[in-house]
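Heads up, the thing below is written out as structure tokens.
The values are calculated or read from the model by the stated rules, or taken from the named source; none is laboratory data. Computed from a prediction, not measured in an experiment: that's the story for all the values here. Accessible surface areas use protein heavy atoms only, side chains included; no ligands, DNA or RNA. Shrake-Rupley method; radii C 1.70, N 1.55, O 1.52, S 1.80 Å.
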Amino acid sequence: MSFVEIKMNASRICDGLSKIGYTPPSAITDIIDNAVQAQAKNIHVVIVPATKTADARRRNNVREYLIIDDGIGMDYHHMLNALSLGSPSDEYMPHSLSKFGLGLKSASFSQGEVLEVISSTGEDHFRKLVVSLPRIRETNLYGAEEVDLSDEDYDYIERYLPENHGTIIRVAEVRMINHPSIGSTVKELKKRIGVIYYYMMSEEGVRILIDGQECDPFDVLFADEANLNGNLDENTWDGRSTTWIQRPTQLILDPEMGVTAIIEVTQLPHPPTFALDGPGQQRAAGERYMIEAGNYGFYVYRNKRLLSWAESFDIIPQDQDYYSFRGRIIVDESADDVLNIDVKKSHLHLSEEASRALDDISDQYKRKSKKAWKHAGDEIKRRTNTDAVAQTNSLLQRLDIPDELPGLPDTEQQHLESQKREQELIDEQTHKMEELAAETIGISPNEEIYEETLQEALQTVIAGESATKEDRIFLVSMTDDNVLWEPYFDADKGTCVRINKMHRFARAIYEDNPNNGSLIFYFGALLLQLASAESFMVRRYTHYSRDQYSEILQAFRRNSTDYLSEMCRQLGSELPRE
């Protein structure tokens, strides 16, 4: 069999590389990888505007990007290898960040028409090689041209490479078509560089500066805080602390190939909890911990360089309940085939074995995280509702509900009958509440602690757990026939109202609109006045028996409750919410 060499179309290959899908930040960080690999301690990103009066908000205003590092540099041979398409793998050191030998070229061509490499090992003078896409298109030949250094090149060397070794990568003739503004690129770079190179910056002392401003390492797991706060208890979590869901442990990705990883997971704070501290606090907490839709999931590091940002692997659902879930997976180059890394080293596709292993171990992490988030949310609703109801009660304490209404006859006989019915009402509701309380505690009447326990349970059944002795509005977990509200007459306070907080309509008020104090007030005030009107009718309208009124009004509450429940069922998620 004979082998026939097929010549490549250099122009189309380079154009194809330029359209892999880099953004300016992702292209720059891919070039920074080479600087880190070259053992650089100081890496400078310089963005040169196209106009003298630079406006950071203006789009299509970048002339060139420079990435300058003080690493070991390259001699002429290594410069040619760095510019070749598919750099030889034997050029890479162990644990290299490089994968396919295409990063420098694809990243550079994605942004500009010209790639310049200036480098020296310190044993020789700096040399400069230029790869021009216009020339490649013209000749259909891939190659580099060595040119003399410009005065600007020497200025950069003097300013950033005083020890006369290192490398300057210049991406020139940046395309001015829908190119992001300098401001947006710098903002995104600052956000990502601290995460991507966290280990290099925090453990190896690598400094990365953007236009002279140094980036800080950023631990997406906030492990130091988790170490202080300990392990997550999802049933008591306060929503404010970072805790461990899984401390660093080994994960076997592929037992046959012997591929392992380190996995660790933390629960970050619950930003809505901080809203209780005042305006702007929820947003501040979210920004500090980068808690938002695109930031939860797994952060995968290969040789301690971030590969994938907030990866779900189709394991972490797209659900706000997981916003505080933050995991990290650390692998080396032995996991490349298991992770199926793409050319940009940014997208991963787990093998079947690895996906199964990660899914199995993550199941318990997801459960804990979701339950903790829900607990924190329930605590906010409880505290907010308690505060709103307390404010409502405080205001309504000053309300004087009249015993009589104008226009009704008030004879002595009428007054005596009203007092009689009032006492009967109190006796009846007291007996009913004692029966409910006895059922709740489940203690035999002949036990010594029965009476004391009964009184505690009676208070909870009548007024709920958080009511005070002055309150008129009680949020309770049960009412007769599960109605939305029912009157309760107190000898000292007069008519009160028990609101069934478990009813669907009440939950729409208290749980879906917990911060709407006005709505909560008017809802409570309305039901208190309805309860007052009921009590007044039972006591004052003596031409019907008390039992008749009670039966009719109870039926009215039950029917009203059913109509409201049906409305909630039909409208569901369409009901207004905060």
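Kirkwood Rh and Cα-based Rg: tell me the resulting Rg over Rh for region 359-402, rounded to two decimals.
Working: Rg = 19.3 Å, Rh = 13.2 Å.
The Rg/Rh ratio comes out at 1.45.
Give the span of region 119-254's Cα atoms along each principal axis, as three whole-Å numbers ordered largest to smallest.
For region 119-254, the Cα extents along the three principal axes come out at 67, 39, 37 Å.
If I ignore ligands, DNA and RNA and count only protein heavy atoms, how much of Glu214 is accessible to a 1.4 Å probe, in Å² to the nearest 10?
90 Å²
In the structure displayed, which of Lys7/Lys304; Lys191/Lys371; Lys190/Lys381 lie more than 32 Å apart, Cα to Cα?
Pairs exceeding the cut-off: Lys7/Lys304; Lys190/Lys381.
So what does Tyr199 come to for accessible area, using a 1.4 Å probe and Å² rounded to 10?
It works out to around 20 Å².
Whenever you get a sec, line up Lys105, Lys374 from highest to lowest accessible area (probe 1.4 Å, protein heavy atoms).
Lys374, Lys105
Please report, largest first and rounded to whole Å, the three semi-axes of the ellipsoid equivalent to region 104-146, where each semi-axis is the square root of five times an eigenvalue of the C-alpha gyration tensor.
Semi-axes from the Cα gyration tensor: 23, 12, 7 Å.
For Thr139 and Lys493 in one chain, what is 0.36 nm times their gap in residues minus the Cα-Cα distance, to one decimal in nm?
117.8 nm
Please grab the % of Cα pairs in region 177-304 that end up more than 24 Å from each other.
More than 24 Å apart: 43 percent of the Cα pairs in region 177-304.
Quick check: the distance between the Cα centres of region 164-217 and region 516-565, to the nearest angstrom?
Computed from Cα coordinates, the inter-centre distance equals 67 Å.
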